[in-house]
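Since the structure comes first, as structure tokens, the remarks are kept for the end.
The values are calculated or read from the model by the stated rules, or taken from the named source; none is laboratory data. Quick caveat: nothing in here was measured; it's all calculated off a predicted structure. Don't worry about glycine lacking a Cβ; one is built from the backbone with ideal geometry, like all the others, and counts go over all protein chains shown. Heads up: the accessible areas ignore ligands, DNA and RNA and are worked out on the full protein's heavy atoms, side chains in. Shrake-Rupley method; radii C 1.70, N 1.55, O 1.52, S 1.80 Å.
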Amino acid sequence: MAGNILYIPYTVIMILAFIVCVVIIGIKKGKGSTKKFLAYTVPIIALFQLYFWNLEFNSYIRSYLFPSKIFECESYMEDQINISIPLPKRTVFLGKSDGCSPFYSTYVDDKEFYSFYEKELKILQYNGEIESYSYIEQDEIQQSIKKGFVVELITGSEIDIFSSGKIGSNKWSISIDYNPKK
């Protein structure tokens, strides 16, 4: 399933351009050049189409080429603070725009997630950007685990940073939720 409606015109334009190129090369240079052109372009077009239409492959490639580095929300209404929460390597934003959306996909396992945030939250606490943090682990149904950190801001509000996934899986999801001071 496509992640964006614009993938349909991209696909149509790509196929039309491919057909035009095959016809032009076939007319001008002959069969030998057309076979070479097809040998190189068909796998490339197939990879592009796989990238556009397969969301798992799309996320996997984006995790290497265009990973999300930080979670930022312009300002939290009640706290009026700006805080940047770093994201682990190979983390990809899931959604249409990155403004305050809490949903990410990551290819780091639970141990890497824990060590990454343990280090980063210590730095944020040392710099005075957060008050404290604590680690929470919840077992869920069917060998699925939810682990993460509850971060207390200086204002008393909390940010929950949780990773969830199946045991043994190489793809996990990260959710970041803001809980205003009660």
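Assorted remarks:
- Any chance Val92 is within 20 Å of Ser59 (Cβ to Cβ) and either at pLDDT below 80 or part of a loop (DSSP other than H, G, I, E, B) (or both): no
- Any hit, the range 9-28, residues being open to solvent by 50 Å² or more (accessible area, probe 1.4 Å) and assigned to a loop (DSSP other than H, G, I, E, B): no
- Qualifying positions in the range 51-73 - out of contact with any Phe, Trp or Tyr (no Cβ under 8 Å at 6 or more places or on another chain) and at pLDDT 80 or above: Asn54, Leu55, Glu56, Ser59, Arg62, Tyr64, Leu65, Phe66, Pro67, Lys69, Ile70
- Considering residues of the range 74-89 that are within 17 Å of Phe149 (Cβ to Cβ) and at pLDDT below 80 only, the residue least open to solvent (accessible area, probe 1.4 Å): Ile83
- Test result for Gly30, on the phi > 0 side of the Ramachandran plot and not charged (D, E, K, R): yes
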